[in-house]
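To start, the structure itself, in structure tokens.
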Amino acid sequence: MKSKIVKNPDGTRRALSNRHVQMIAIGGTIGTGLFLGSGSTISKTGPSVLLVYVILGLFFFLMMRAIGEMFYSDPSQHTFVSFISRYLGPTAGHFTGWTYWIGLVFVCMAELTATASYVKYWFPNIPSWIVELVFLGVLASVNLIAARLFGEAEFWFAMIKIIAILAMIVTGIFMMTSHAATPLGHASLSNILQNYTLFPRGGFNFISAFPMVFFAFQGIEFVSITIGEAKTPHAVIKKAVNETLLRILLFYIGALIVIMGIIPWTSLSPTSSPFVQVFRLAGFPAAAATINFVVLTSAASSLNSCIFSAGRHFYQLATEVPENSWMYQTFAKISKNGVPAAAIILSAALVLITPLMSLTTTIDSVFTIVTGISSDMYIIVYTLTMLAHRKYRESQDFLPNGFLMPAYHLTSPLTIAFFGIIFISLFLVPQDMIGAVGAVIWTLVFGGLEYLRQKRLSPLNV
């Protein structure tokens, strides 16, 4: 017997089941960074990459506990940015909302570009713009029909990723326990610890691995955006957030251990997917095609989540402007299907710029820079979220018996400090420096303009 779908006061519907939300959490945690980018990270740090993932996984878990605590107190919100507006004021809220939404649009564009490149593996003669239009049209339609359909799509996208990771882990365990012979030696756990040093490629490469892994985890907060449309929000919040660290340990750490157990890390190619390399050594000839399918679904999953999240964030921005404004009248509306249709359509329409990138290398270069800036802005958004959580703890909304962040007085300042250290480290890595400088300029210019705008609108409420 199907449970009745509850309708929120704003017209959205709590149509996402626990099954949907759990898989969305996994989908947000595992991206193409594991399937494609982990080879580059391993080549920089060797087995110490496990330590990098554990440290970052722990701090992302703490951030998710802070977000989860605020959502537990008010699960009616559609985005964690609403808590920044509530506890840090409209200036910080609008700055964060616009910054995060623009960042999401660029993430959508990046993922859409990725889908075209993966499809070209099988169909090299199809123009990229056709592939991009098809994927964008299908996934935007999925988001416009109903939140439940979005959840169902994410469920199966995430299932494909899980099967691929578990298949590799099981294959790896079998190869290591049987000490299977490969062209590179024998599969064994001893490959990880043999001649181990903490900084095999030097301290700089170890430090530069932290931003790389940070961006691999980026998007983990997407699950919180589903809370406003989950059937049993309080139970879902606890389960989805508490299992975040377990998923990271199982899927990331487990996969990395298997990769380095089968392939000595010094022999691992940094430019090829480690998953493809492992399956090929296991005698699986279709490894490249299979992993290409997995990363295609992973990119489609990320694009699907980005459209969902971007629509909710722009809807949130529209609800925070005066009710007589054009933006409020147009975008602060929920369709008959229970979704912010106008906000979703606008977000998807901006992603249509993506096909233009294939027309000139100049646009492509600018896009790369802007994407780097928007990625770096996420560190600032996460930091503001942690600061909003601290203000929540001091407010009347605080639930002493709610879903509390563990050891708050210690873990909260440590998490904020850690995000600050990650941002500073960007200036030490040449390929990240432009994005970091751009993020600082964006914060100063756009943040300053937003402050002046809010001051003009309400001098006493900035």
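Tabulated data for the structure shown
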read-out	value
Residues of the stretch 114-135 satisfying the condition of being crowded, with 16+ Cβ neighbours inside 10 Å and in contact with a helix residue (DSSP H, G or I) (Cβ under 6 Å, 6 or more places away or on another chain)	A114, T115, A116, Y118, V119, S128, W129, V131, E132, F135
Output for the stretch 52-82, where each listed residue is under 17 Å from the mean Cα position of the chain (by Cα), hydroxyl-bearing (S, T, Y) and outside any loop (DSSP other than H, G, I, E, B)	Y53
Among the candidates V278, V295, V236, residue that is surrounded by 22 or more Cβ atoms within 10 Å (Cβ to Cβ), more than 23 Å from the chain's Cα centre (by Cα) and in contact (Cβ under 8 Å) with a residue 40 or more places away in the chain	V278
The stretch 239-255, subset in contact with a Phe, Trp or Tyr (Cβ under 8 Å, 6 or more places away or on another chain) and surrounded by fewer than 22 Cβ atoms within 10 Å (Cβ to Cβ), residue farthest from F314 (Cα to Cα)	I253
Pair list, Cβ under 6 Å, 6 or more apart: the stretch 22-43 residue touching a residue at least 60 places away in the same chain (Cβ under 8 Å), other residue surrounded by fewer than 21 Cβ atoms within 10 Å (Cβ to Cβ) and not in a helix (DSSP H, G or I)	G39/P270; S40/P270; S43/P270
From L34, L16, residue being under 17 Å from T226 (Cβ atoms), modelled with pLDDT under 90, touching a Lys or Arg at 6+ places or on another chain (Cβ under 9 Å) and of a type in the set (A, V, I, L, M)	L16
Total residues in the stretch 171-192, condition in contact (Cβ under 8 Å) with a residue 12 or more places away in the chain and in a helix (DSSP H, G or I)	7
Any hit, the stretch 302-323, residues being in contact with a Phe, Trp or Tyr (Cβ under 9 Å, 6 or more places away or on another chain), acidic (D, E) and surrounded by fewer than 22 Cβ atoms within 10 Å (Cβ to Cβ)	yes
Among the residues listed as T96, T79, the single one being touching a Leu at 6+ places or on another chain (Cβ under 6 Å), buried (at least 23 other Cβ atoms within 10 Å of the Cβ) and of a type in the set (S, T, Y)	T96
Scope the stretch 391-405; condition closer than 20 Å to V241 by Cα and either touching a residue at least 24 places away in the same chain (Cβ under 8 Å) or surrounded by 10 or more Cβ atoms within 10 Å (Cβ to Cβ) (or both); matching residues	Y392, R393, F398, L399, G402, F403, L404, M405
So S85, is it among the polar types (S, T, N, Q), without any contact (Cβ under 8 Å) to a residue 12 or more places away in the chain, out of contact with any Phe, Trp or Tyr (no Cβ under 6 Å at 6 or more places or on another chain) and part of a helix (DSSP H, G or I)	no
Selected residue (only one of I369, I363, I424 is under 23 Å from the mean Cα position of the chain (by Cα) and modelled with pLDDT under 90)	I369
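Yes/no matrix, rows are residues, columns are (1) in a strand (DSSP E or B); (2) without any contact (Cβ under 8 Å) to a residue 60 or more places away in the chain; (3) over 29 Å from T385 (Cα atoms); (4) β-branched (V, I, T):
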| site | (1), (2), (3), (4) |
| --- | --- |
| T113 | no, no, yes, yes |
| L133 | no, no, yes, no |
| A153 | no, no, no, no |
| I169 | no, no, yes, yes |
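The values are calculated or read from the model by the stated rules, or taken from the named source; none is laboratory data. On a predicted model such as this, the values are computed, not experimentally measured, just so you know. Cβ coordinates were reconstructed from backbone atoms using ideal geometry, including for glycine residues, and neighbour counts include every protein chain displayed.
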